[in-house]
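Notes for the one structure printed next.
The values are calculated or read from the model by the stated rules, or taken from the named source; none is laboratory data. This structure is a prediction, so every number in the text was calculated from the model and none was measured. Here the Cβ positions follow ideal geometry from the backbone for every residue, glycine too, while neighbour counts run over all protein chains shown. Side chains are part of the model used for accessible areas, which takes the heavy atoms of the whole protein and leaves out ligands, DNA and RNA. Shrake-Rupley method; radii C 1.70, N 1.55, O 1.52, S 1.80 Å.
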Amino acid sequence: MTDTEVCIVGAGPAGASLSLFLSNKKIPHVLLDKAVFPRDKICGDGITVDVMNTLKRMGNGMLEDFIEHSEMDPCWGFAFHSPTGKQIRYDFKDAGFPYAPFFTAKRLELDNYLVSKLNHQYCTFLSQSAVTGINRQENKVDVTYKNKEGETTISCKIIIGAEGEKPIVTRLLGLDHFREKENLIGALRVYYKGVKGFHENRHLEFFYDKKLLPGYFWAFPLPNGEANVGLGMTSTAISAKKANLKNMLADIIENHPVVSEMFADAEPLEKNRGWGLPTATPNRLIAGERYALIGDAAGMIEPFTGKGIGPGMVSGRLAADHIETALQNGDYNLMPYHHHIYKYYKSEIKVGYGLQKTLKYPFVLNNVISLANLGAFKNWSHATMVKSWKQWM
Ligand SMILES: Cc1cc2nc3c(=O)[nH]c(=O)nc-3n(C[C@H](O)[C@H](O)[C@H](O)COP(=O)(O)OP(=O)(O)OC[C@H]3O[C@@H](n4cnc5c(N)ncnc54)[C@H](O)[C@@H]3O)c2cc1C
């Protein structure tokens, strides 16, 4: 006998999405998180169209509710600024979308929003409950967690690791922890107020300065006149260059001709804080007998942009389908989920690492941005994005 069908460790966007999809399938489950919500998570706070697509698939008015929510800030475009100061800017305000293709929201708000939508008929949500032990047996998995009331063990048929970048489930399952520098980005975030010069349609701004490459700097507008500001670089480059991201961030804010203007009257609201971004690679095993990993625990982040909220939620959605099949068939090996994920993201992973490589070569990046700005190419790429995103909306 087990206490529940599925136990999910971590209620970030990946774990909360999986919970919502399992509830739609009427599958009882326990969702554990060591934090108390609302809780912060170091992130760029950029929300992409795959998030909206996942909300749409959740049904129950989730998408409509999300786009009306005051903490979700619609952003209608983005700009890449090249090392020589050229910029390519895409605006989608007049593209005929039903809503903005990007949003920003502090993770404090977004993650709390998703948790507030959990369906308590099927989901037992235990916050402030840290998983401390996992014992995978032939016919069940025992999961031990610790909270104010002490230590408790529950049994489930399937355990899901959605615990983010610090791989507690992987470790407790006794699996090898995949950690290759080529598949990791290091990044810093600082919230600011008073950043000026954002585009009137609230664009996401990416800066590829020569001193930062292959790293990049971002500034994203947030509600209430605040901004999410940060810097990211692959771990291989951080080691090779002995890069100090904190100093680089300060330098670009002070000295970059466009950035320094934007930050002339700006004030940081916190000290900069760092976190790792595990990027997607099929070399990472993300499922097996009675377990699967989703979101950052599975290293689902897109390698070029650092986007992980959408892939985390998509991996939750796909995992729910495979869990349903496993429970129906009584065959708890979730390797079909592993194969499904890497088939689904095959081209995105290939293109992402390809684009990541261009960041090593400023002249290539300059040429790409100059070429991309040519009228015909820009119209074509704009139309291509519009066409593909409309399918997601
Ligand atoms: C600086 C930075 C900028 C980024 N910018 C963007 C961006 O703009 N857009 C984007 O899409 N992505 C971005 N990402 C990536 C994004 O933040 C992650 O991909 C995303 O948070 C993954 O969600 P998740 O649900 O897998 O994990 P998380 O959001 O990390 O959630 C994991 C949860 O597990 C819980 N947990 C951990 N250990 C335990 C335990 N032992 N017991 C119980 N619970 C536990 C934690 O409390 C947490 O709530 C960025 C990342 C960084 C570091």
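Computed from the alpha carbon positions, the gyration tensor of the range 205-245 leads to an equivalent ellipsoid with semi-axes of 24, 10, 7 Å, biggest first. Overall dimensions of the range 95-148, expressed as equivalent-ellipsoid semi-axes from the Cα gyration tensor (√(5λ), whole Å, largest first), are 35, 15, 12. Convex hull volume per residue, computed on the Cα atoms of the range 146-222, equals 209 Å³. Here, the range 44-114 yields an orientationally averaged convex hull projection of 5.6 nm² when only Cα atoms define the hull.
Here the range 324-393 is treated as a sphere whose radius is the Kirkwood value from Cα pairs; by Stokes-Einstein at 20 °C and 1.002 mPa s it diffuses with a coefficient of 137 µm²/s.
Residues within the reach of a label modelled at residue 224 (point 7 angstrom out along Cα to beta-carbon, backbone nitrogen below 16 Å), restricted to the range 76-111, are 104-111. Mean separation of Cα pairs under 8 Å and 6 or more residues apart, divided by the residue count, gives the chain a relative contact order of 22 percent. Against the globular-protein guess of 2.2 N^0.38 Å, express the Cα radius of gyration of the range 123-185 as a ratio, rounded to two decimals. The value comes to 1.26.
Computed on protein heavy atoms with a 1.4 Å probe, the accessible areas place 157, 193, 34 in the order 34, 193, 157, largest first.
For the range 273-348, the spread of Cα coordinates along the three principal axes comes to 43, 28, 20 Å, biggest extent given first.
Mind scanning 242/271; 196/241; 93/196; 34/157; 140/307 and naming the pairs with a C-alpha gap bigger than 30 Å? Correct reply: 196/241; 140/307. 3J(HN,Hα) along the range 240-256, derived from phi through the Karplus expression 6.51 cos²θ - 1.76 cosθ + 1.60 where θ = phi - 60°, amounts to 4, 8, 6, 6, 10, 4, 4, 5, 5, 5, 4, 5, 5, 5, 7, 10, 5 Hz, with x in place of Gly and Pro. Once the Cα atoms are used to define both axes, helix 346-358 deviates from the longest principal axis of the chain by about 40 degrees.
Legend: Rg and Dmax of the range 1-60, from Cα coordinates, 13.3, 43 Å. Relative to a virtual label point 7 Å from the Cα of residue 367 in the Cα→beta-carbon direction, which members of the range 79-100 show backbone nitrogen distances below 16 Å? Once the point is set 7 Å along Cα→Cβ of residue 367, 83-84 turn out to lie under 16 Å by backbone N, inside the range 79-100. Computed log10 I(q)/I(0) for the range 241-393 at 0.09 Å⁻¹: -0.47, from the Debye equation with unit scatterers placed on every C-alpha and solvent omitted. Spatially, the range 257-320 and the range 374-391 are offset by 25 Å when compared through their Cα centroids. Cα-based radius of gyration for the chain, normalised by 2.2 N^0.38 Å, reads 0.99. Compared with the dominant principal axis of the Cα atoms in the chain, helix 335-344 is inclined by about 20°.
Cysteines of the chain lacking any other cysteine Cβ under 4.7 Å from their own Cβ: 43, 75, 123. Rounded to the nearest Hz, the phi-derived 3J(HN,Hα) couplings of the range 311-320 under the Karplus curve 6.51 cos²θ - 1.76 cosθ + 1.60 (θ = phi - 60°) are x, x, 5, 5, 5, x, 5, 5, 4, 4, where x marks glycine and proline.
Computed from the C-beta positions of residue 244 and residue 182, the FRET efficiency with R₀ = 22 Å rounds to 0.55. In the context of the full set of protein chains, the range 218-354 has a per residue accessible area of 42 Å² (1.4 Å probe). As a rough guide to protection, the peptides 381-387, 82-88 ranked by mean Cβ packing within 10 Å, highest first, stand as 82-88, 381-387.
Note on surface exposure: 57, 189 rank 57, 189 by accessible area, highest first, 1.4 Å probe.
Dividing the helix sum by the residues of the chain, where each DSSP H run of 4 or more adds -39500 (n - 2.57), gives a mean residue ellipticity at 222 nm of -11000 deg cm²/dmol. For the range 33-81, the equivalent ellipsoid derived from the Cα gyration tensor has semi-axes of 21, 19, 11 Å, listed largest first. Here the scattering of the range 174-268 is modelled by Debye summation over its C-alpha atoms, one equal scatterer each and no solvent; at q = 0.15, 0.16, 0.19, 0.21 Å⁻¹ the log10 of I(q)/I(0) is -0.61, -0.67, -0.87, -1.01. Among 257, 221, 38, the residue with the largest mean-square fluctuation in a Gaussian network model of the chain, with springs joining Cα atoms closer than 10 Å, is 257.
Residues considered: 102, 217, 377. Largest GNM mean-square fluctuation over the chain, using C-alpha springs under 10 Å, is found at 377. Give the Debye-formula value of log10 I(q)/I(0) at each listed q (0.19 Å⁻¹), with one equal scatterer per alpha carbon of the range 44-170, two decimals each. These q points yield log10 I(q)/I(0) values of -1.14.
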